[in-house]
Amino acid sequence: MSIANLNELIRKDPGNAYAFNARGLEYRSKGDYDSAIQDFTEAVRLNPKFTDAQRNLEEAQRAKAAAIAK
């Protein structure tokens, strides 16, 4: 799903942790780690038991740190 479609889904359902996680994956794939981290953080806040979002958050944080270290 595109970021634009996910933006619309989130606008309609701002409590949808799965939409935030999906948008975070899209941002991460584009190298926008700050936006990805923000979305994964929101997904975990909305659903603290969402282990995929937690894992994605940790991976995005590591990727950002690696990009900064270069």
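Any read-out appearing in this document is the output of simple, stated calculations on the displayed coordinates, not a laboratory observation. None of the values given here were measured: they were computed from a predicted structure. Glycine also receives a Cβ, built like all others from the backbone with ideal geometry; neighbour counts cover every protein chain displayed.
Among the residues of region 39-58, those that are buried (at least 17 other Cβ atoms within 10 Å of the Cβ) and not β-branched (Val, Ile, Thr) comprise ASP39, PHE40, GLU42, ALA43, LEU46, ASN47, PHE50, ALA53, GLN54, ASN56, LEU57. Of all residues being assigned to a helix (DSSP H, G or I) and loosely packed, with under 15 Cβ neighbours inside 10 Å in region 60-70, which is nearest to the chain's Cα centre (by Cα)? Just the residue, please. Among residues in region 60-70 that are assigned to a helix (DSSP H, G or I) and loosely packed, with under 15 Cβ neighbours inside 10 Å, the one nearest to the chain's Cα centre (by Cα) is ARG62. Of the residues making up region 27-38, those that are surrounded by fewer than 19 Cβ atoms within 10 Å (Cβ to Cβ) and touching a residue at least 24 places away in the same chain (Cβ under 8 Å) are GLY31, ASP34. A Cβ distance below 7 Å, combined with a sequence gap of six or more or placement on separate chains, defines the contacts here; from region 4-17, residues that are more than 17 Å from THR41 (Cβ to Cβ) reach residues that are part of a helix (DSSP H, G or I) in the pairs LEU9/ALA19; ASP13/ALA19.
Residues in region 4-14 include none that are of a type in the set (Gly, Ala, Ser) and crowded, with 17+ Cβ neighbours inside 10 Å.
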